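Reviewing the structure listed below.
The values are calculated or read from the model by the stated rules, or taken from the named source; none is laboratory data. On a predicted model such as this, the values are computed, not experimentally measured, just so you know. We place every Cβ from the backbone using ideal geometry, glycine too, and count neighbours over all the protein chains shown. The accessibility values were calculated without ligands, DNA or RNA, using every heavy atom of the protein model including side chains. Shrake-Rupley method; radii C 1.70, N 1.55, O 1.52, S 1.80 Å.
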Amino acid sequence: DNGIITLTNKAACELLQIDVENLNDTKLRDVMPELARSIKDKDLWNKKTLDVDIPYTGQKGRKLDLIVKVVAETEYAKSGAMIVTFDDISALKSAQKKAAWSDVARRIAHEIKNPLTPIQLSAERIKRRFSEYIPEEDRDIFEKCIQTIGKHVEDIGHMVAEFSAFARMPQPTLKKNDIKALVNEIGIMQNETYPKVSIERFGLLKGKDSIKLMFDTQQVRQAIINLIQNAVDSLEESKVKNPFISMLLTENGENDLVLIISDNGLGFPEDTSIESLTDPYVTRKEKGTGLGLAIVKKIMEDHGGELVLGQKSWMNNVPELKKIKGKGAVVALHFPFKDDILSNDNDSEAA
């Protein structure tokens, strides 16, 4: 009744990211201020119980959505002890949000896609039909207007493609493929696409041995290209001298293969929560849809892996990442692997 926490269990400590010795004998308002305020609001109580959803940010910065139930051991009107139980519904809320945005994306893609082709064809027909009748002094403006129509139709077409990809992302078809060969292939192709940007490859991407994992080649390729495109956009906006992108494949522990993509561009926005950047339609680009990272996150989750934004402490010992200067962004794709799905060229197919 005095707001002091007297008893906790291991699950509560893990969920709240607090050591048990730092949780007992502390005030509830210091640990979960939102809940403490709700408990004081008598209008929220239903007899002896209180059910409420609250946001929670742990000491390590992890944000959760908690559904909390409070049961008073005596009538609430009397000062008595209370038992607080809670569940993490962050994944559920995230899934609901993704389902809602997928439906929105599907509808938008359908409505926008239909008029694009007629607009493009009409612009081309106008150019062919009336170009010779345009006075010389107006020809330049005429050409620029036609080009503007075509360029924006193309831009909208790319947006529609992203909407469709996000709304209809199929379940991955998992097969044993060479992740090293795929990343190297993408690196070579992107080097040709963006000749002004140096795309370097390090770590396990060097050497002759193959590294085989269970993954969907098309989806993982899409994820990697999306991340490289984000890096290129950042480099172009920053206008940094000697722009480069680093692609590093390395192991982190016994069951984690990590592809780290970094650049020397602007980095992540300081005024935006880094966790929110993977939410649908969150973007800082003028013409961005905000679906790139959301698609990458979905692909990695479907592969049993994880998309991680920002440089983590274990990466400080990776020599290649020390080449980054300024506010460059670091993004990592974590692929889980086991002995039965990781092999090199010397392994037999049965291995």
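A few notes on this one:
- Here r is the Cβ-Cβ distance between GLN17 and LYS42 and R0 is 51 Å; the resulting FRET efficiency, rounded to 0.05, is 0.95.
- In this calculation the C-beta distance from GLU236 to GLU185 is compared with R0 = 22 Å, giving a FRET efficiency of 0.40.
- Cross-link pairs beyond the 32 Å C-alpha cut-off, checked among LYS98/LYS212; LYS239/LYS297; LYS10/LYS206; LYS47/LYS98; LYS48/LYS93: LYS10/LYS206; LYS47/LYS98
- Taking the centroid of alpha carbons for each part, segment 1-27 and segment 38-56 are 19 Å apart.
- MET214 sits with roughly 80 Å² accessible to a 1.4 Å probe, with DNA, RNA and ligands left out of the calculation.
- In a fully extended conformation the segment linking PHE130 and THR85 would gain 8.9 nm over its present Cα-Cα distance, using 0.36 nm per residue.
- Sites GLU251 and LEU92, calculated FRET efficiency, Cβ-Cβ separation with R0 30 Å, nearest 0.05: 0.40
- Global form of segment 193-249, assessed from the alpha-carbon gyration tensor, a/c cut-off 1.5: oblate
- The listed peptides 37-50, 195-208, ordered by packing as a protection proxy, come out as 195-208, 37-50 (highest mean of other Cβ atoms within 10 Å first).
- Under the simplified labelling scheme, the LYS27-GLN218 pair shows an inter-label distance of 5.8 nm, with each label point 7 Å from Cα along Cα→Cβ.
- Ordering of 130-137, 9-16 by burial proxy (mean other Cβ atoms within 10 Å per residue, highest first): 9-16, 130-137
- Residues in segment 16-52 that a label on ILE5 would reach, taking backbone N under 16 Å of a point 7 Å out along Cα→Cβ: 16-39
- Each label was represented as a point 7 Å from its Cα along the Cα-to-Cβ direction; for GLN171 and LYS196 these points are 4.5 nm apart.
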